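The values are calculated or read from the model by the stated rules, or taken from the named source; none is laboratory data. Since the structure is predicted, the reported quantities are computational estimates derived from the model, not experimental observations. Quick reminder, even Gly has a Cβ in these numbers, built from the backbone with ideal geometry, and neighbours come from all protein chains shown. SASA here: full protein model, heavy atoms, side chains in, ligands and nucleic acids out. Shrake-Rupley method; radii C 1.70, N 1.55, O 1.52, S 1.80 Å.
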Amino acid sequence: MEKWIFLSFLILCFFEALCLVFYSPRLFGWFGALKKEKHLENPTKNRIAVLVPARNESATIEGLLKNLKAQTYSNFKVYVIVKEKNDLSIVLAHKYGFHAHVVADQTCKGDALDSCLHAIMRHDQTGFDAYLIIDADCAIEKNYVEEMNNALASGAQIIQGKKLVKNYHMEKKPTLQQACNGIIWTLMDEMGNRWKSRHNYVAFTVGTGIMLRKDIVEINDGWPYRSTLTEDVEFMNDIAANGYRTFYYGFAKLYMEEAPTLAMTNKRRKRWMTGVVDSRRLYNTKVNSMASISNRYFAHCLWIIYYYIGAATLYSIAAAIMGLVLLCLQNPAYLMAFIVAGSALGIVYLSYWVMSLFAVVIDWKNIKMPIWRKIVLIFAHPVFYMGYTWIVAGALLNLNSQRWDVIARVEADSTVTKA
């Protein structure tokens, strides 16, 4: 019996090795942060519309409005988008000299963006060269819009800046779970989008801190991505299918707020993963039929990790159950079953640990905590990331909520001190 149990573990190891081989092109992106990024300067002062979706965000939006008012760049207009005509965000927008746009029938962020874009295109005869989307709970550096304009000199149609954790700059410092979740931006940007941008592969898009050149808005006649909970992942799949050019620019820094509790963080993660799965189902045929081989790969390579982690997790559970059965039957092979069950789980943890170590080292200076806490973070983050296993399973089985639930905020009117 021990021989067969060990043989089954070898088969698992072979499958895991194959997954890593198929995922290896994406692993090259990890080293993208090691090459110094070139700073761009744009002699053209493009006219930019800044769109701020702000449904029920009056308690936290003023920090961003202050940041926008203090920008080193001046050729832009700000549009705060709300749902209710008596939303206090309207008063705050006018206080700082910005515009407000009410979309009473909005059911998601995509509705708000689409309505505002159509209103701008109808009423602003001068026209904008680009449209920059920033969520209301974010904070930005004082040169953020200027650097986003510089990034337009790349010739790309979709621009993304560097995403950082806002909580490190708040009075109340981040908890371990907030720090763990914040690592995702390093994984996505410095260990992914920077390298993919350099090689003209489709980047992983996030719906805040993203700028669309006017031709993309005109081609799409606004913002058509409203079929899932994650309009940004829908957008990424459409980018891949149509071969639009994306560009990651680390000099434009935006700070994103992490949720105050693990329950709220998991609600965000469930919403995001549900949208990822739904977007794959929605765009799979289009991407496979239209995208280049490279863009097709980078749009879907995350699924290789699902197979990698899913196989090891299911094997671990099955081996543990077998071990319990053999133990009840007083079969000495139970020990081998428990060993391979632990080893399969160890494969998952070790894989995430290597990734976590690399991420913390790469973004060391932006993780504002003592060295001993960074070391704890390296060992805790794999456990946190393993939580995605059940979240992805829920998305695949349609068990997660399809509603756009409200996420609690850390504190009202929080700002980044250096912005």
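Brief remarks on what is shown
- Approximate spin-label separation Thr72-Ala17, in nm, with each point projected 7 Å along Cα-to-Cβ: 5.2
- For the chain, a simple Cβ point-charge model (Lys and Arg +1, Asp and Glu -1, everything else neutral) yields a dipole of about 660 debye relative to the Cα centre.
- Cβ-based charge dipole, the chain, positive-most Cα from Tyr349, Ile81, Leu65: Tyr349
- A Stokes-Einstein calculation at 10 °C with viscosity 1.306 mPa s, built on the Kirkwood radius of segment 76-149 over Cα pairs, returns a diffusion coefficient of 118 µm²/s.
- With an a/c value of 1.5 or above and a/b larger than b/c for the gyration tensor axes a ≥ b ≥ c computed over the alpha-carbon atoms, the chain is described as prolate.
- Distance from segment 170-214 to segment 313-340 (C-alpha centre basis), Å: 41
- Oblate is the label for segment 110-156, because the ratio a/c of its alpha-carbon gyration tensor axes (a ≥ b ≥ c) is 1.5 or higher and a/b is not greater than b/c.
- Annotation: the antiparallel percentage among DSSP beta bridges lying fully within the chain is about 30.
- One Cα centroid belongs to segment 1-37, the other to segment 261-305; the line between them spans 20 Å.
- Global form of segment 87-194, assessed from the alpha-carbon gyration tensor, a/c cut-off 1.5: oblate
- Under 11 Å, Cβ to Cβ, from Leu212 - net charge with Lys/Arg +1 and Asp/Glu -1: -1
- Once the 1.4 Å probe is applied to the protein heavy atoms, the chain comes out at 44 Å² accessible per residue.
- Additional length obtainable on full extension of the chain from Leu314 to Ala104, 0.36 nm per residue less Cα span: 71.0 nm
- Couplings 3J(HN,Hα) for segment 297-314, derived from phi with the Karplus relation 6.51 cos²θ - 1.76 cosθ + 1.60 (θ = phi - 60°), are 5, 6, 6, 10, 5, 4, 5, 4, 5, 4, 5, 4, 6, x, 5, 5, 5, 4 Hz, where x marks Gly and Pro.
- A full extension of the chain between Ile219 and Asn398 corresponds to an added length of 61.2 nm, given 0.36 nm per residue minus the alpha carbon distance.
- Approximate spin-label separation Leu350-Thr389, in nm, with each point projected 7 Å along Cα-to-Cβ: 1.5
- Those aspartates and glutamates that a straight Cα-Cα span of less than 18 Å connects to Lys166, excepting residues fewer than 8 apart in one chain: Glu57, Glu62, Asp135, Asp137, Glu141, Asp189, Glu190, Glu257, Glu258, Asp363, Glu411, Asp413
- For segment 138-147, Karplus couplings with θ = phi - 60° (6.51, -1.76, 1.60), whole Hz, Gly/Pro x: 8, 10, 9, 5, 5, 9, 4, 5, 4, 5
- At R0 = 25 Å, FRET efficiency that the Cβ-Cβ distance of Trp303 and Leu10 yields, to 0.05: 0.55
- Label-zone membership for segment 188-211, site Ser24, 7 angstrom Cα→C-beta point, backbone N under 18 Å: none
- Pairwise FRET efficiency - Cys328 versus Ser289, Cβ, R0 = 56 Å, nearest 0.05: 0.60
- Near Ala252: Cβ cut-off under 12 Å, other residues only, Lys/Arg at +1 and Asp/Glu at -1. The net charge is -1.
- Rounded percent of accessible protein surface that carbon and sulfur make up, the chain, 1.4 Å probe: 62
- Our summary gives the chain a relative contact order of 22 percent, counting only alpha carbon pairs under 8 angstrom and 6 or more residues apart.
- Computed FRET value (nearest 0.05) for Ile371 with His123, which takes r as the C-beta separation and R₀ as 60 Å: 0.65
- Using a probe of 1.4 Å, the accessible surface attributed to Trp30 totals some 40 Å² when neighbouring protein chains are kept in position.
- Theoretical ellipticity at 222 nm over the chain - DSSP helices of four or more residues, -39500 (n - 2.57) apiece, nearest 500: -17000 deg cm²/dmol
- Too-long pairs where the Cα-Cα distance tops 27 Å, listed order kept, from Lys214/Lys286; Lys95/Lys162; Lys38/Lys267: Lys95/Lys162; Lys38/Lys267
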